[in-house]
Amino acid sequence: MGLLMTRAGHAVAAERIRPSHKAILPSDQAVAGHIKHLAAPAYQRLLGAEQLLRRSIPILVVLFVVILALARAVTLVAEHARLDKSSQDYLTMIADTMEAKIRQRMLAGGTAAADHQGALNDLLSSSRPNLDNHNGRIVLLTNEAGQVVASLPVMKAWEKKPLTETLGLYQPLTALGARAGVQLLTLADGTEAYATTRFLDAPLGSVTVLHPTKDVFAEWREAMSVSVTLFVGTSAILLVLSFAFYAQAARAQSADRLYADSFQRHTTALKRGRCGLWDWDLSRGRLYWSASMADILGLQKQDDVISFAMLSGL
């Protein structure tokens, strides 16, 4: 009983410093101190699942990164296939249009349209479809002998040379023309390009439309670079957040372990000395008392924090 009376002074002192606790626990339902949390069943269940949750975080992070990479890769592959097909279709349309326009010009102007270099260049320029925005495409016009006589844009290095020297000997375009469709060729200068050829009436030989792959997939490569940059940045941020989480979790685990050891020593000292400890929070009407307090009074162990109404009923 003497200890209980002595503790009354401690209750008054606790009431004087209680405002600092209010700043930490603003809710009236909050329970001061870690002891209540350690005793709460929900917190105990959380502690039991903590190791599982901690181990699952790196797996979830890796899974998220893999799914993100796969999704972006599938999108890029699909976009590459779309550009590939649309480029070939557009190349076919340009070649067909130019073949028809050249034939029409030749019929209207006769062979005079192919008499000199200026007329040939004008023939190519006027035959290009209005919707064609160039975009790296090259048009080559040959005579009956298969020699390049005009180009658009002007390619002086290719003119007055056999078309096979530019396209290569082992390709089906110069033999089959439109039946060969669009072919992916490696040109004499090492450039990869899509190409298609249409045969023309004499004195002309054929018109060939080329589109280097570096121009076909230029925008796609830019999109891929942006995607890779975003992916690397996202992965780096996730790694930093994961490291920060584990660092904080390690600090929290160390603090909990230190607190548990200190609390255990405190509880052991009270039991060995047959002493009880209580702390009355007058502002909230709650009372903390230790397990040794219940033993001294011969009562069954209650929650560490009880209300004054519960105390009155004992």
Which whole-Hz couplings ³J(HN,Hα) result when phi for each residue of region 201-211 is put into the Karplus expression 6.51 cos²θ - 1.76 cosθ + 1.60, θ = phi - 60°, listed in order with x for Gly and Pro?
6, 4, x, 8, x, 6, 10, 10, 10, 10, 9
Which value, in debye to the nearest 20, gives the size of the charge dipole of region 177-314 about its Cα centre, when Lys and Arg are +1 and Asp and Glu are -1 at the Cβ?
780 debye
Calculate one ³J(HN,Hα) per residue across region 242-259 by plugging θ = phi - 60° into the Karplus curve 6.51 cos²θ - 1.76 cosθ + 1.60, and present them in order as whole Hz with x for glycine and proline.
5, 4, 4, 4, 5, 5, 5, 5, 5, 5, 5, 5, 5, 5, 5, 5, 5, 5
Return the inverse of the average 1/r over all pairs of distinct C-alpha atoms in region 179-314, which is the Kirkwood hydrodynamic radius, in Å to one decimal.
23.6 Å
Sites VAL226 and LEU52, calculated FRET efficiency, Cβ-Cβ separation with R0 45 Å, nearest 0.05
0.75
Stretched fully, the stretch from ILE59 through ALA145 gains (0.36 nm per residue minus C-alpha distance, one decimal, in nm) 24.3 nm
Cβ-Cβ FRET estimate between THR191 and VAL74, R0 fixed at 41 Å, reported to 0.05
0.90
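Quick note: the coordinates plus some simple rules give every number you see, no bench work behind them. Note that the structure is a prediction, hence the values are computed from the model and not measured. Heads up, the Cβs are rebuilt from the backbone with ideal geometry, glycines too, and the neighbour counts pull from every protein chain shown.
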